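Notes follow once the structure below has been shown.
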Amino acid sequence: MRWAAWISILAGLMWVQSLAADEDFAEKAHAIPGFRLILNTPPAPDTVFFNRDNRRLRLEDFRGDVVLLNVWATWCKPCIQELPGINALQTQLAGDGFQVVAVASGAQMGKTPQAFLAEHRLDALDLYHDPHATMMNSLGTKTLPSTFRIDRQGRIVGGVIGQTDWGTAAAEHAVRHLMR
């Protein structure tokens, strides 16, 4: 079965609000509006995307770290509002076995992702881009922004479809909890 179809089915059927397996996190998760854990943790897709130097990468390249995968675009107003919080998480948690992978997805309008990051002073985020939106297709989402938490073994364990506020102390505390 194609990744997109599989993830779409999973996203439609398996996203849950109840986080009974980790009651401590269940309390903290409420600090991240819209965050859901996935019951059956699928492996992150093997989709190719590119870094600043146009080097091909895969999520597998980040295995061993907890990854917060954020898919965004320069023309997306909710993305523009959300990215400062994502940038703050990278600033506060990077180097602690945590990595934000914010991937500019699809055609970008008006500005290159690099110019956009510089203009908005999102200096903690590395530049990653996916010009054909294959990552979004592989994840089975058409919503920007979408953010997925990937564990150290490369499995998607939850996330938020749509905008949320990642820049709060409570959200940082919840993400720190997820890094265990």
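The values are calculated or read from the model by the stated rules, or taken from the named source; none is laboratory data. Model, not experiment: these values are computed from the prediction. Quick reminder, even Gly has a Cβ in these numbers, built from the backbone with ideal geometry, and neighbours come from all protein chains shown. What goes into the accessible areas is simple: the full protein's heavy atoms, side chains included, and nothing from ligands, DNA or RNA. Shrake-Rupley method; radii C 1.70, N 1.55, O 1.52, S 1.80 Å.
Here is a list of conditions, (1) modelled with pLDDT of 60 or more; (2) open to solvent by less than 50 Å² (accessible area, probe 1.4 Å), and Glu23 meets all of them except one; can you say which number that is?
Glu23 satisfies all of (1) modelled with pLDDT of 60 or more; (2) open to solvent by less than 50 Å² (accessible area, probe 1.4 Å) except (2).
What number goes with the only condition from (1) of a type in the set (Ser, Thr, Tyr); (2) modelled with pLDDT of 95 or more; (3) open to solvent by 10 Å² or more (accessible area, probe 1.4 Å) that Thr112 does not pass?
Only one criterion is unmet by Thr112, namely (2).
Would you mention how many residues in the stretch 49-67 are open to solvent by less than 10 Å² (accessible area, probe 1.4 Å) and modelled with pLDDT under 95?
2
Being within 21 Å of Phe50 (Cα to Cα) and surrounded by fewer than 20 Cβ atoms within 10 Å (Cβ to Cβ) is the requirement here; does Gln90 meet it?
no
Among (1) among the aliphatic types (A, V, I, L, M); (2) over 20 Å from Arg58 (Cα atoms); (3) not in a helix (DSSP H, G or I), which single condition is Ala118 missing?
Evaluating Ala118 over (1) among the aliphatic types (A, V, I, L, M); (2) over 20 Å from Arg58 (Cα atoms); (3) not in a helix (DSSP H, G or I) leaves (3) as the failure.
Only residues in the stretch 147-158 that are in contact (Cβ under 8 Å) with a residue 12 or more places away in the chain count as the first member; pair them with residues that are of a type in the set (Lys, Arg) and not in a strand (DSSP E or B), Cβ under 9 angstrom, at least 6 apart or cross-chain, and list the lot.
Within 9 Å, the pairs are Ile150/Arg63; Arg152/Arg63; Gln153/Arg63; Gly154/Arg63.
Anything in the stretch 139-177 that is open to solvent by 20 Å² or more (accessible area, probe 1.4 Å), more than 12 Å from the chain's Cα centre (by Cα) and within 18 Å of Leu59 (Cβ to Cβ)? List them, or say none.
Gly140, Arg152, Gln153, Arg155
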